Amino acid sequence: MKETDNQNTPFTPPLCDAPDPFITKPDFDLPLGSIDCHAHVFGPLDKYDYTESRSYTPPDAPVGAYLHMHKQLSISHGVLVQPSVYGTDNSLQTDTLNYLRKLGKDYKGIAVVDANISGEALDELALSGHVGVRMNLLFKGGIEWDDVCHLAERLAKRNWHLQFLIDIANFDGFADKIRQLPVPVVIDHMGHMDTGLGLDHPAFQDLLSLLEEGRVWVKLSGAYRTSTQACTPFSDVTPFAQALVNANAKQCVWGSDWPHPHFDKAMPNTTDLLNELTQWVPDESLRNQILVDNPKRLYQFD
């Protein structure tokens, strides 16, 4: 377990707030078959243990609340992303995907795995609907790049992709590294770069170039993670989202990031976050492409 500077005092992961339960219909009509490409489920703790090395402790966010959120927003499908608090134990997510399948619902998953995971274990993840692997590059030294390359070669044979949680402004040479990989690459939360650094920041310009090349996909999500503003509407994020869409709308997808585990701002309302998509993508046809067509292609929905 992590410890503070006082070696006798164990580190206690801070508690996250629960998501705002008041989810209303959005201000615009979502197209049939809309897909939420980034969300998590948590708990119950007595069945699914968190890792001791986690950086936060979330409240339970069960599948029932997740489905209620989607029903209220008129979302038909979703992609569950393995959160860091479970490490490489994908049991909860696998169980959830299998449960959703029994309900007749088509949902996908993005796992977190060890670089040396067995082929059999990858097969089991595929059976439950996993189509990619997430790697946390937000903090330098968190993972060896050679491990990323090795795993990417194995995933390429399965037609899977790699998803990166990365602050593009704090990862040296990320564009050149991404171009080395033999698989599609998905960048979380618009690159996770503080909007105060500006549109002209070299890392954001590199991200735009990768998008233009069709080398990466970008999730239009997590505005509260990159904004310098305290609450919605996160207007300083709008020019960044618009720049990404203008670079290559065919490689952009949207995610709610529910239940929004974070600490530095007030808990956002999920409907408000979705409504911001109308500012980022005013054109209805492009918006529909981002909500339906693009994620169907990326996540291999039928």
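The values are calculated or read from the model by the stated rules, or taken from the named source; none is laboratory data. All of these numbers come straight from a predicted model, not from anything done at the bench. Glycine also receives a Cβ, built like all others from the backbone with ideal geometry; neighbour counts cover every protein chain displayed.
Quick notes on this structure:
- Scoring Leu100 on the criteria (1) aliphatic (A, V, I, L, M); (2) assigned to a loop (DSSP other than H, G, I, E, B); (3) farther than 19 Å from Pro21 by Cα leaves a single failure, condition (2).
Residue-by-condition table, conditions (1) in contact with a Gly (Cβ under 6 Å, 6 or more places away or on another chain); (2) in contact (Cβ under 8 Å) with a residue 12 or more places away in the chain; (3) aromatic (Phe, Trp, Tyr):
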| site | (1), (2), (3) |
| --- | --- |
| Glu120 | no, no, no |
| Leu127 | no, no, no |
| His130 | yes, yes, no |
| Leu138 | no, yes, no |
| Trp145 | no, yes, yes |
| Leu151 | no, yes, no |
| Leu155 | no, yes, no |
| Trp160 | yes, yes, yes |
| Gln163 | yes, yes, no |
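- Selection of segment 191-227 for residues being of a type in the set (S, T, N, Q), over 12 Å from the mean Cα position of the chain (by Cα) and under 17 Å from Gln279 (Cβ atoms) yields Thr195, Thr226, Ser227.
- Here Asp95 clears all of (1) in contact with a Phe, Trp or Tyr (Cβ under 9 Å, 6 or more places away or on another chain); (2) farther than 15 Å from Ala39 by Cβ; (3) touching a residue at least 12 places away in the same chain (Cβ under 8 Å) except the condition numbered (3).
- Of all residues making up segment 279-294, the number that are touching a helix residue (DSSP H, G or I) at 6+ places or on another chain (Cβ under 7 Å) and more than 19 Å from Ser76 (Cα to Cα): 3
- Candidates Ser53, Ser76 - the one that is surrounded by fewer than 18 Cβ atoms within 10 Å (Cβ to Cβ) and out of contact with any Phe, Trp or Tyr (no Cβ under 7 Å at 6 or more places or on another chain): Ser53
- Scanning segment 115-130 for residues being of a type outside the set (A, V, I, L, M, F, W, C) and either over 18 Å from His161 (Cβ atoms) or over 19 Å from the mean Cα position of the chain (by Cα) (or both) gives a total of 6.
- Some residue of segment 121-131 being in a loop (DSSP other than H, G, I, E, B) and among the acidic types (Asp, Glu): no
- Per-region count, segment 274-302, residues over 23 Å from Val216 (Cβ atoms) and in a loop (DSSP other than H, G, I, E, B): 2
- So Asp89, is it over 19 Å from Val183 (Cα atoms), in contact (Cβ under 8 Å) with a residue 60 or more places away in the chain and either of a type in the set (D, E, K, R) or surrounded by fewer than 15 Cβ atoms within 10 Å (Cβ to Cβ) (or both): no
- Flag for Asp60 being under 22 Å from Leu103 (Cβ atoms), within 16 Å of the chain's Cα centre (by Cα) and acidic (Asp, Glu): no
The rows are residues; the columns are (1) under 30 Å from Phe11 (Cα atoms); (2) among the hydrophobic types (A, V, I, L, M, F, W, C); (3) at pLDDT 95 or above.
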| position | (1), (2), (3) |
| --- | --- |
| Ser55 | yes, no, no |
| Gly78 | no, no, yes |
| Gln82 | yes, no, yes |
| Val85 | yes, yes, no |
| Leu92 | yes, yes, yes |
| Tyr99 | no, no, yes |
| Lys102 | no, no, yes |
| Asp106 | no, no, yes |
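- Being among the small types (Gly, Ala, Ser) and under 15 Å from the mean Cα position of the chain (by Cα) is a property that Ser285 lacks.
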